[in-house]
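Heads up: the structure comes next, in structure tokens.
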Amino acid sequence: MKNWREVLVSPSTSILETIQVIDSVALQIALVVDSDGRLLGTVTDGDIRRAILKGLSLTEPVAGAMNPAPTVVLVNEDRREILAVMKAKNLRQIPVLDETGRVVGIEILEKLLKGGRKDNLVVLMAGGLGSRLRPLTQECPKPLLRVGSRPILETILHNFIEYGFERFYISVNYKADMIKKYFGDGSRWSVRIEYLEEEKLLGTAGPLSLLPEKTDLPLLVMNGDLLTRVNFDQLLQFHLDSRVLATMCVREFDLQVPYGVVKIDGHRLLGIDEKPVQRFFVNAGIYVLQPSVLELIPRAACYDMPDLFTHLVKHGRETAVFPVREYWLDIGRLSDYERANGEYEAIFGAGGIAGVR
């Protein structure tokens with residue numbers, strides 16, 4: 001919040017002056033701090049009204065009207081946890097402190113809920129056959145399989161909406177009518193949804209050639225069979241800060257060799273590494289692309305994202321990777337589907353993602 005410093009007042013500031021601070025800034029709160037910027041208390045309109053009812057004069061120091069034990073959060077706390085605290089305690093603002101107790105910002109409920117409106121296009125790839133999940137996908141496309149309280153693709157949609165995205169394209173092929181009937185034009189979620197009709201399967205990048213409009217903003221692309229808590233704000237900002245043409249989200253993957261690996265030199269035994277773990281970064285199925293990259297995708301032809309990134313790297317074009325540290329699960333097999341249902345409530349809450357409109 002750019003103007004949070006404007007609501008800092010000292011404990012000797014009069015109640016009247018504090019009222020003027022609260023009324024002049026849209027944050028609807030004043031923060032009482034000491035000379036080092038450490039939080040002593042908060043003051044809202046309600047605090048002042050209660051002080052007046054107690055007989056305090058408007059000329060008295062605001063220290064007598066402040067809440068000396070406000071709810072606070074520490075810098076870098078998880079967005080979902082902050083939202084949960086604010087909703088549980090019915091708070092519209094909450095001070096953000098560093099480890100020494102100094103104020104470093106204010107979180108605003110409305111901003112957290114909306115995530116700041118964004119005009120970037122989001123393309124969700126939902127045209128696959130879901131063959132590995134048969135028989136579940138015999139009558140239902142994989143993106144509409146329910147995990148927890150809602151279909152996989154709806155949870156993905158909610159997650160993007162939480163971060164302020166409002167413009168969506170969904171690529172469809174297998175049982176396309178079922179997906180289009182469920183999501184419609186997006187008005188149910190106060191967003192706009194349009195569809196990219198794949199007459200044949202076009203892979204994980206090919207449907208982008210069907211986009212009917214041009215954009216000047218980076219677009220986000222995500223496979224429609226993933227569940228994740230990735231911070232899309234941070235992802236988009238990372239891409240912009242990196243000044244690259246394309247960013248691929250990657251996930252760390254551990255592979256343990258189930259045997260003792262023998263190290264040898266000719267016929268001599270040098271040592272044994274018992275069940276070593278090898279670590280790799282794997283493609284997480286989430287991408288950010290500059291609009292110019294779309295020109296490299298062949299029209300209405302099967303083309304995958306690894307092909308696109310390989311082309312960019314081969315021709316010396318700048319790309320980046322964004323490591324996903326948050327929850328991430330690719331629902332590709334029946335065991336993944338069962339795991340997703342078992343973990344859904346703990347990760348997304350019983351009612352799904354909190355705070356979406």
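Where a number appears in this text, it was derived from the coordinates with a stated rule and is not lab data. Quick caveat: nothing in here was measured; it's all calculated off a predicted structure. Note that each Cβ is placed from the backbone with ideal geometry, even for glycine, and that neighbours are counted across all protein chains shown.
Please list, short to long, the whole-number percent of alpha-carbon pairs of region 4-112 in consecutive 5 angstrom bins beginning at zero.
The distribution over region 4-112 is 2, 13, 24, 24, 19, 11, 5, 1, 0, given as percents.
With θ set to phi - 60° and the Karplus curve 6.51 cos²θ - 1.76 cosθ + 1.60, what are the ³J(HN,Hα) couplings of region 327-334 in order, to the nearest whole Hz, using x for Gly and Pro?
4, 7, 8, 8, 8, x, 10, 4
If amide hydrogens are placed 1.01 Å from N in the peptide plane, which non-local residues have theirs closer than 5 Å to the one on Leu8?
Distant-sequence amide H within range of Leu8: Leu31.
Determine the relative contact order of the chain: mean sequence separation of Cα pairs under 8 Å and six or more apart, normalised by residue count, in whole percent.
Working: 657 pairs, mean separation 55.2, N = 357.
Result for the chain is 15 percent.
For the chain, what proportion of DSSP beta bridges, expressed in % and rounded to the nearest 5, is antiparallel? Mind dumping the intermediate values first?
Numbers: 37 of 62 bridges.
Roughly 60 percent of the DSSP beta bridges within the chain come out antiparallel.
Provide the three semi-axes, in whole Å and in decreasing order, of the ellipsoid equivalent to the chain as defined by the square roots of 5 times the Cα gyration tensor eigenvalues.
One finds semi-axes of 46, 27, 21 Å for the chain.
Determine, for Asp241, Asp45, the number of other Cβ atoms within 10 Å of each Cβ, and report the residues in order from fewest to most.
Asp241, Asp45
What number do you get for region 233-291 when its Cα radius of gyration is normalised by 2.2 N^0.38 Å, N = residues?
1.87
Among residues other than Gly101 whose Cβ falls under 12 Å from its Cβ, what is the net charge (Lys/Arg +1, Asp/Glu -1)?
Summing Lys and Arg as +1 and Asp and Glu as -1 gives -2.
Calculate one ³J(HN,Hα) per residue across region 150-160 by plugging θ = phi - 60° into the Karplus curve 6.51 cos²θ - 1.76 cosθ + 1.60, and present them in order as whole Hz with x for glycine and proline.
Coupling constants for region 150-160: 7, x, 3, 5, 5, 4, 4, 4, 4, 5, 5 Hz.
Based on Cα positions only, what radius of gyration and what Dmax would you give for region 248-357, in angstroms?
20.5, 67
With the chain treated as a Gaussian network of Cα nodes joined by springs under 10 Å, which of Ala176, Ala63, Ala205 yields the largest mean-square fluctuation?
For the chain, modelled as a Gaussian network with Cα springs under 10 Å, the answer is Ala63.
Which of Glu198, Glu162, Glu213 ends up with the largest GNM mean-square fluctuation for the chain, with Cα atoms connected below 10 Å?
Highest fluctuation of the listed residues: Glu213.
So which residue, out of Leu201, Leu53, Leu91, gets the largest mean-square fluctuation from a GNM of the chain using Cα contacts under 10 Å as springs?
Of Leu201, Leu53, Leu91, the most mobile in the Gaussian network model is Leu53.
For a quick check: with amide H placed at 1.01 Å from N, whose amide H comes under 5 Å from Glu107's, ignoring anything fewer than 5 positions away on the same chain?
Amide H neighbours of Glu107, under 5 Å, 5+ apart: Ile94, Val96.
Spelling out what I want: for every residue of region 207-216, take phi, set θ = phi - 60°, compute 6.51 cos²θ - 1.76 cosθ + 1.60 (Karplus), and round to whole Hz; glycine and proline get x.
x, 5, 6, 8, 4, x, 9, 9, 9, 9
Would you list which aspartates and glutamates come within 20 Å of Lys118, measuring only between C-alpha atoms, while excluding same-chain residues fewer than 8 positions from it?
Partners within reach: Glu107, Glu110, Glu154, Glu162, Glu166, Asp185, Glu194, Glu213, Asp216, Asp233, Asp241.
Would you grab the residues whose amide H sits under 5 Å from the one on Thr204? Only those 5+ places off in sequence or on another chain, please, with H modelled 1.01 Å from N.
Tyr303, Asp304, Met305
With +1 on each Lys and Arg Cβ and -1 on each Asp and Glu Cβ, how big is the dipole of the chain about its Cα centre, in debye rounded to the nearest 20?
520
If only Cα atoms are counted, what is the Rg of region 147-249, and what is its Dmax, in Å?
14.1, 39
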